[in-house]
Amino acid sequence: MFELFTHRYQGFQPSMGVPVRITLGAPRWTLPYTLEHQVQEAAPSREYFGTARPVYEKAYLAQLDRRGVNFFASRFQEIAVAAQDLRLVLLCFEDLAQPGQWCHRRMFAAWWQAETGAKVRELGPLGPGYEQGTLL
């Protein structure tokens, strides 16, 4: 069975596992690793992107609920098999070590834990408002 982690594009190292894009767009700079896999359904929608956090979070969680845990589990398993690595690292842009930053990768992590009981640990540093592995 696969294991999920989160991080930002800029901090990911190939030794951490398989990088998985969960953003609307890909990084516009050259990455020092290959980004072969994506789960577009875990990216926020343009419809609410840029809205206030409460609106964004409600819409994003509803989006995840519409797909459901089984859909995501199947996609993650496909990626783990294709990559021959059970460690999947869901990536986005935000630097969560900066005060006041938040992002959908940790919203996804909290949703996944609530749905499956499996923790999704952040591999990068987290600032105020976060505990390692959870979204407060």
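Computed from the coordinates by the stated procedures, all read-outs in this text should not be read as laboratory data. All of these numbers come straight from a predicted model, not from anything done at the bench. No Cβ is skipped: glycine too gets one built from the backbone with ideal geometry, and neighbour counts run over all protein chains shown.
For the chain, excluding the exposed loop sites themselves (GluC sites (Glu not before Pro), DSSP loop, at most 13 other Cβ atoms within 10 Å), the longest remaining stretch covers 48-136.
Annotation: Cα Rg of region 3-135 relative to the compact-globule expectation 2.2 N^0.38 Å equals 0.98. Here the dipole of the chain is about 180 debye; that uses its Cα centre as origin and unit charges on the Cβ of Lys and Arg (positive) and Asp and Glu (negative). In this calculation the C-beta distance from T51 to R87 is compared with R0 = 25 Å, giving a FRET efficiency of 0.20. Taking the average, over residues, of other Cβ atoms within 10 Å as the packing measure, peptides 80-86, 12-18 rank 12-18, 80-86 from highest down.
Cα centroids of region 55-76 and region 87-118: 13 Å apart. Each of L35, P54, G25 was placed along the dipole of region 5-70 (beta-carbon charges, centred on the mean Cα), and the one lying farthest toward the positive end is P54.
Kindly provide the chymotrypsin sites (Phe, Trp or Tyr not before Pro) of region 40-69 that DSSP labels as loop, not H, G, I, E or B, and whose Cβ sees at most 15 other Cβ atoms within 10 Å. Answer in residue order: F49. Ranking H7, H104, V120 by how far each Cα lies toward the positive end of the dipole of the chain (charges on Cβ) leaves H104 at the top.
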